[in-house]
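Have a look at the structure below, then the notes.
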Amino acid sequence: MPLTADTDIAGVHARTRTIALLGASDNPARPSHGVMRFLLANGYQVYPVNPALAGRQLLDRLVYPDLGAIPVGIDMVDVFRQAHYLQGIVSEVIAIGAKTLWTQLGVVDIAAAATAERAGVAVVMDRCPAIELPRLQAAGLVRHPLGEAQAQN
């Protein structure tokens, strides 16, 4: 089952450094754009993924056509795609060795989550990191997403 306990979700934030944002948008009014801006502002390395924008810059980050094209290891894949795409996305997440699959609000597929979990991928479903991180910080469960030493740099 997808992670729901605050301590488990805080653990995801604590061990995440690199995030592939699947469904990135260049439209500032889109939620994926705002979440990407939030994640970057909080010190994460974000790799936007959108085949229609591949090769362009989005918030000073190169956009990739798919997860497999990202040249670094990815800790978490944050999904801004409809739920019916999740089973295929899970295959890609497993193939690149990502540790966590995070799906945004309203993006739910329990069968896809079970497939990911059987492959050792942690799953957070139907949540937004831009909501969860500040909430968990306020609760004292997360100090800074990248640790105290990096927060001071």
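The values are calculated or read from the model by the stated rules, or taken from the named source; none is laboratory data. Quantities reported herein were computed from a predicted structural model and do not represent experimental measurements. Here the Cβ positions follow ideal geometry from the backbone for every residue, glycine too, while neighbour counts run over all protein chains shown. Heads up: the accessible areas ignore ligands, DNA and RNA and are worked out on the full protein's heavy atoms, side chains in. Shrake-Rupley method; radii C 1.70, N 1.55, O 1.52, S 1.80 Å.
Observations on the model:
- Residue pairs whose Cβ atoms lie under 7 Å apart, separated by 6 or more positions or on different chains, with the first residue in region 129-153 and closer than 16 Å to Gly43 by Cβ and in a helix (DSSP H, G or I) and the second open to solvent by 30 Å² or more (accessible area, probe 1.4 Å) and modelled with pLDDT under 85, are Ala151/His144.
- Ala95 vs. criteria assigned to a helix (DSSP H, G or I), in contact (Cβ under 8 Å) with a residue 40 or more places away in the chain and either of a type in the set (S, T, N, Q) or over 18 Å from Arg15 (Cα atoms) (or both): no
- Among the residues of region 47-59, the ones that are in a loop (DSSP other than H, G, I, E, B) and surrounded by fewer than 19 Cβ atoms within 10 Å (Cβ to Cβ) come to 7 in all.
- Contact annotation: residue pairs with Cβ atoms under 9 Å, 6 or more positions apart or on different chains, pairing a residue in region 45-65 that is among the aromatic types (Phe, Trp, Tyr) with a partner that is open to solvent by 40 Å² or more (accessible area, probe 1.4 Å), are Tyr47/Arg61; Tyr47/Leu62; Tyr47/Pro71; Tyr47/Val72; Tyr64/Pro51; Tyr64/Ala54; Tyr64/Gly55; Tyr64/Pro71.
- Candidates Gly120, Gly68, Gly73, Gly140, filtered to the one that is touching a Gly at 6+ places or on another chain (Cβ under 9 Å) and surrounded by fewer than 16 Cβ atoms within 10 Å (Cβ to Cβ): Gly73
- Check on Leu62, surrounded by 16 or more Cβ atoms within 10 Å (Cβ to Cβ) and modelled with pLDDT of 95 or more: no
- Selection over region 1-46 of residues that are farther than 19 Å from Val123 by Cα and among the hydroxyl-bearing types (Ser, Thr, Tyr) gives a count of 1.
- So Ala112, is it free of Cβ contacts under 8 Å to residues at least 60 places away in the same chain, open to solvent by 40 Å² or more (accessible area, probe 1.4 Å), in contact with a strand residue (DSSP E or B) (Cβ under 9 Å, 6 or more places away or on another chain) and not charged (D, E, K, R): no
- Residues within region 22-41 that are crowded, with 19+ Cβ neighbours inside 10 Å and either of a type in the set (D, E, K, R) or part of a loop (DSSP other than H, G, I, E, B) (or both), tallied: 3
- Hits in region 11-50 - residues which are of a type in the set (Lys, Arg) and within 11 Å of the chain's Cα centre (by Cα): Arg17
- Residues in region 1-19 that are among the hydrophobic types (A, V, I, L, M, F, W, C), in contact with an Asp or Glu (Cβ under 7 Å, 6 or more places away or on another chain) and either outside any helix (DSSP H, G or I) or open to solvent by 10 Å² or more (accessible area, probe 1.4 Å) (or both): Ile19 alone.
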